[in-house]
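Here's the structure we're looking at; comments come further down.
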2 protein chains.
Amino acid sequence: MEIAMSDVYEATERTVPTRARERASYDRELVHSILDEAYLCHLGFVRDGAPVVLPTLFARVDDHVYVHGSTGSRPLRMAGAPDPGLPVCLTVTHVDGLVLARSAFHHSINYRSVVIHATAHPVTDPAEKRAALDALVDQVVPGRAEDSRPANPKELAATAVLRLDLTEVSAKVRTGGPNDEPEDTELPHWTGVLPLHTSYGPAIPAADLDASIALPEYIASR
Amino acid sequence: MEIAMSDVYEATERTVPTRARERASYDRELVHSILDEAYLCHLGFVRDGAPVVLPTLFARVDDHVYVHGSTGSRPLRMAGAPDPGLPVCLTVTHVDGLVLARSAFHHSINYRSVVIHATAHPVTDPAEKRAALDALVDQVVPGRAEDSRPANPKELAATAVLRLDLTEVSAKVRTGGPNDEPEDTELPHWTGVLPLHTSYGPAIPAADLDASIALPEYIASR
């Protein structure tokens, strides 16, 4: 018998926003879909009492998120030993459109974001570390991990991987058009949404690429 | 006689990266260009000893950056009175391409990022506040502020604006192709860069837009 995971994450004091609560969601599938469409996150931690926010790659595997870096980098060093770990906030944001209202006040953006509060711990199990590194490559380009040389022992030793558990997490989503005040409807300003799209390519082969190696479909199809 | 501003920001202990120092820059023009191409940032602050990272809009005006929000939102409330302000880290990242190396280890992304360490203070001068709100609209769509209804006194009172000074700030940039190990050159994997582009449109008019109002050029040209 399968043990079903809950469909929603439990809301906590810090995952319930003070503003626009109707945009917040704890739906597991929504959270995963927002994370899975991204590969870049902004990772926050506290250093000497002050906040630090760095862009970094991440990967989701089930209900964990992995980030990696040089064993010499600050957050990796600060996470240090498995206990007590490093308190972090990992945030992922997609911008889907610019919302141009008639009033400056009601300008907004359509977006989907996920905010994870967690304690990051270094991954010490070699098999989990290898799987996490594969996931980090596949999060950027699905299918790429098996079409590249895996990390060798020296590279593995130089790379630290941190794991965060997805427990205290929320999504926030804004969709739709502007919400102008009724008294502004007659104003002469264009109003609506300017959608934003991200696209890839054309691929630029490395200067030393053997010309007989064709662009794989999993890259070309992006 | 004009007093020239320094062309570079002064490096500090926390703006010198522990890794990939050759990618770091304190060049004022570069920092400004990365900020000016963006409108979304990730703002980090510390709450109850733990980091919080939230996506939010921002605007740069000279050597200041402004963020805004409801007077009820957490960072705005926490910045509170002008003294002592709220220590923040404001980070902006553009992803320019996916770097696919032959080895998993050398996968990377091409990016341009700016990290600002600062103490955020609420803007109390009404003229500066109005100018900052205009700048926030114009950062998203240049030219839009003068083609929208300015905030009225009630909206101004409901909106808090925080100012950060651009003093402790650095940029980090990665460009170019993969940096594979010489011994990997013969591996049979495609290698190169997959550039990433962001585009806008077509614009979606609001349902109640007067059909006689055409899409302005400053929007159509995006």
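The values are calculated or read from the model by the stated rules, or taken from the named source; none is laboratory data. Please read all numbers here as calculations on a predicted model, not as lab measurements. Neighbour counts are summed over all protein chains in view; Cβ atoms, including those assigned to glycine, are modelled from backbone coordinates with ideal geometry. Surface accessibility is based on the protein's heavy atoms, side chains included, excluding ligands, DNA and RNA. Shrake-Rupley method; radii C 1.70, N 1.55, O 1.52, S 1.80 Å.
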Can you name every residue in region A:115-156 that is within 10 Å of chain B (Cβ to nearest Cβ) and of a type in the set (Val, Ile, Thr)? A:Val115, A:Ile116, A:Thr119, A:Val137, A:Val140, A:Val141
Does region A:157-166 contain any residue that is more than 11 Å from chain B (Cβ to nearest Cβ) and charged (D, E, K, R)? yes
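From the residues in region B:185-200 that are of a type outside the set (D, E, K, R) and more than 22 Å from A:Val95 (Cα to Cα), which one is surrounded by the fewest Cβ atoms within 10 Å (Cβ to Cβ)?
B:Pro188
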If the Cβ limit is 9 Å and pairs must be 6+ apart or interchain, which residue in region B:34-48 that is of a type in the set (Ser, Thr, Tyr) pairs with which residue that is in a helix (DSSP H, G or I)? B:Tyr39/B:Leu136; B:Tyr39/B:Gln139; B:Tyr39/B:Val140
Reported set for region A:36-85 where residues are among the small types (Gly, Ala, Ser), under 20 Å from B:Thr93 (Cα atoms) and more than 7 Å from chain B (Cβ to nearest Cβ) is A:Ala38, A:Ala59, A:Gly69
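Yes/no per residue for (1) closer than 16 Å to A:Phe45 by Cβ; (2) out of contact with any Leu (no Cβ under 8 Å at 6 or more places or on another chain); (3) among the acidic types (Asp, Glu):
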{"site": "B:Ala24", "(1), (2), (3)": "no, yes, no"}
{"site": "B:Asp27", "(1), (2), (3)": "no, yes, yes"}
{"site": "B:Leu35", "(1), (2), (3)": "no, yes, no"}
{"site": "B:His42", "(1), (2), (3)": "yes, no, no"}
{"site": "B:Phe45", "(1), (2), (3)": "yes, no, no"}
{"site": "B:Asp48", "(1), (2), (3)": "yes, yes, yes"}
{"site": "B:Ala59", "(1), (2), (3)": "no, no, no"}
{"site": "B:Val67", "(1), (2), (3)": "no, no, no"}
{"site": "B:Thr71", "(1), (2), (3)": "no, yes, no"}
Among what's in region B:201-222 and is at the interface with chain A (Cβ under 7 Å from one of its Cβ atoms), closer than 30 Å to B:Gly97 by Cα and modelled with pLDDT of 95 or more, pick the residue that is most open to solvent (accessible area, probe 1.4 Å). B:Ile204
Number of positions in region B:44-83 that are open to solvent by less than 10 Å² (accessible area, probe 1.4 Å) and either basic (Lys, Arg) or in contact with a His (Cβ under 9 Å, 6 or more places away or on another chain) (or both): 6
Going through region A:84-130 in order, the residues found to be touching a Leu at 6+ places or on another chain (Cβ under 7 Å), over 20 Å from B:His42 (Cβ atoms) and open to solvent by less than 10 Å² (accessible area, probe 1.4 Å) are A:Leu100, A:Arg102
For region A:168-184, indicate whether the set of residues that are within 11 Å of chain B (Cβ to nearest Cβ), touching a residue at least 40 places away in the same chain (Cβ under 8 Å), under 18 Å from the mean Cα position of the chain (by Cα) and open to solvent by 30 Å² or more (accessible area, probe 1.4 Å) is non-empty. yes
